[in-house]
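The structure appears below as structure tokens.
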Amino acid sequence: MNSYIEQIIRYFFRHDVSDEIAARVQDRLASAGDEADRAFRELWDECAEAPADDDALTEAYQQLTAGMPVRTTVGRRFSWLRIAALWAVPLLLLGGAAWFYTSATKKADLYAGIVSVHQFTAYGERRMVVLPDSSKVWLNGGSSLTYPSRFVSAERNVCLTGEAYFEVVKDPQRPFTVDVNQMKLRVLGTTFNVFSYPDNPEIVATLETGKLRVDVTNRKEPYILTPDNQLVLNAQTGHVEVRQVNAPDYSVWRIPSLYFEETKLVYALQQIERTYNVRIHIQNSRYNHQTIRAHFNADETIENIMAVIKMLIPSLNYEIDGNDIFIR
């Protein structure tokens, strides 16, 4: 049969009591000595929770002794307080475990069914993609875009290789971010064009509306772009330049069309390859530093485009053989 002291302790730990009764119980336990110690030990032994380590017990003991208005006799600190700490620790651990379990379950439910979506355009193809938040992305030829089937994180993050034009739906609570080679772009709601092909060292971000933050690898401070700002990063040298341009000129390819503004010939030919699904072979290094300025409409044929380039660069000779173009 349980002793009177044990009955008091069990009731005290399992019921809410007034401050007056709590003080009276503490007075009674203070005079119980070893009998109270044994009662607390039995209560602890009934707990099925795993034991905590010494550091956790010590911390719980200190918190318990600091927070309880325990009355002590001269020269004695009751060992039952340490037993009470032992009792409190597994309850705290159990409560924490329950919280983490509930939180993890909610996250698991939140992320359940989310898959990674990959959109790819072949050379000569353009495509408009609607993202889960209703933002729109136009992909140029030879581009790929990766994003989750649902945006549930703090950021709406996508990854791009190639060229794309973004029309982002505004959501101040969840910034929209684009990861490209050596750069991360962050917006709330805006329109901008991003150019980042593996075969071109230049990574270009051109802002039409709103504001655009660009974080460049190994640069401490971000770049803040305003409309008609264009940031150009040379991935080989790390050089960054911010220019003032007419931003819509750099997204006319959506129509589709081609726009070159003092563009190196080799890069212009790469764009032509992606647009017309042809392979251009440059067999003369004399054109490595040649630039062109031209604007081609959507209905231009590859024959007309090459003829115009020949007019701009009279020394250039070319031959079209099916899907191959040879420049000599």
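Going by the structure shown, is GLN230 under 11 Å from ALA205 (Cα atoms) and of a type outside the set (A, V, I, L, M, F, W, C)?
Numbers: under 11 Å from ALA205 (Cα atoms): yes; of a type outside the set (A, V, I, L, M, F, W, C): yes.
The answer is yes for GLN230.
Tell me whether segment 235-256 contains one or more residues that are of a type outside the set (Gly, Ala, Ser), within 21 Å of LYS310 (Cβ to Cβ) and crowded, with 19+ Cβ neighbours inside 10 Å.
no
Pick out the one residue from ARG156, ARG213 that is surrounded by fewer than 17 Cβ atoms within 10 Å (Cβ to Cβ), over 17 Å from TYR250 (Cβ atoms) and touching a strand residue (DSSP E or B) at 6+ places or on another chain (Cβ under 6 Å).
It is ARG213.
State whether one or more residues within segment 131-151 are among the β-branched types (Val, Ile, Thr) and at pLDDT 85 or above. Step through it out loud before you land on a result.
In the first step, residues of segment 131-151 are kept if they are among the β-branched types (Val, Ile, Thr); the result is 137, 146.
Among the residues that remain, those that are also at pLDDT 85 or above are: 137, 146.
Yes, there is a match, as at least one residue in segment 131-151 is among the β-branched types (Val, Ile, Thr) and at pLDDT 85 or above.
Which is closer than 24 Å to ASN181 by Cα, in a strand (DSSP E or B) and not β-branched (Val, Ile, Thr), of ARG274, ARG293, ARG243? Show your work before the answer.
Working: ARG274 fails: in a strand (DSSP E or B); ARG293 fails: closer than 24 Å to ASN181 by Cα.
Step by step, each of ARG274, ARG293, ARG243 is checked, and only ARG243 is closer than 24 Å to ASN181 by Cα, in a strand (DSSP E or B) and not β-branched (Val, Ile, Thr).
Conditions tested, residue by residue: (1) part of a loop (DSSP other than H, G, I, E, B); (2) under 19 Å from TYR267 (Cα atoms).
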position	(1), (2)
TYR147	no, no
GLY162	no, yes
LYS184	no, no
VAL204	no, yes
PRO227	yes, no
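Among (1) at pLDDT 90 or above; (2) closer than 26 Å to TYR250 by Cβ; (3) surrounded by fewer than 13 Cβ atoms within 10 Å (Cβ to Cβ), where does GLU319 come up short?
(2)
Which one is farthest from PRO248 (Cα to Cα), of the residues in segment 123-149 that are within 16 Å of the chain's Cα centre (by Cα) and surrounded by fewer than 15 Cβ atoms within 10 Å (Cβ to Cβ)?
Checked segment 123-149; the qualifying residue farthest from PRO248 (Cα to Cα) is SER149.
Being small (Gly, Ala, Ser) and either closer than 30 Å to ARG279 by Cβ or not assigned by TED's automatic domain parsing to the domain that holds SER143 (or both) is the filter here, so list the residues in segment 199-257 that pass it. Break it down into steps so the answer makes sense when it comes.
We begin by selecting, within segment 199-257, every residue small (Gly, Ala, Ser); these are 205, 210, 235, 238, 247, 251, 257.
Selection gives ALA205, ALA235, SER251, SER257.
The values are calculated or read from the model by the stated rules, or taken from the named source; none is laboratory data. In this text, all values refer to a predicted model and were calculated from it rather than measured experimentally. All Cβ positions, even for glycine, are placed from backbone atoms using ideal geometry, and neighbour counts span all protein chains on display.
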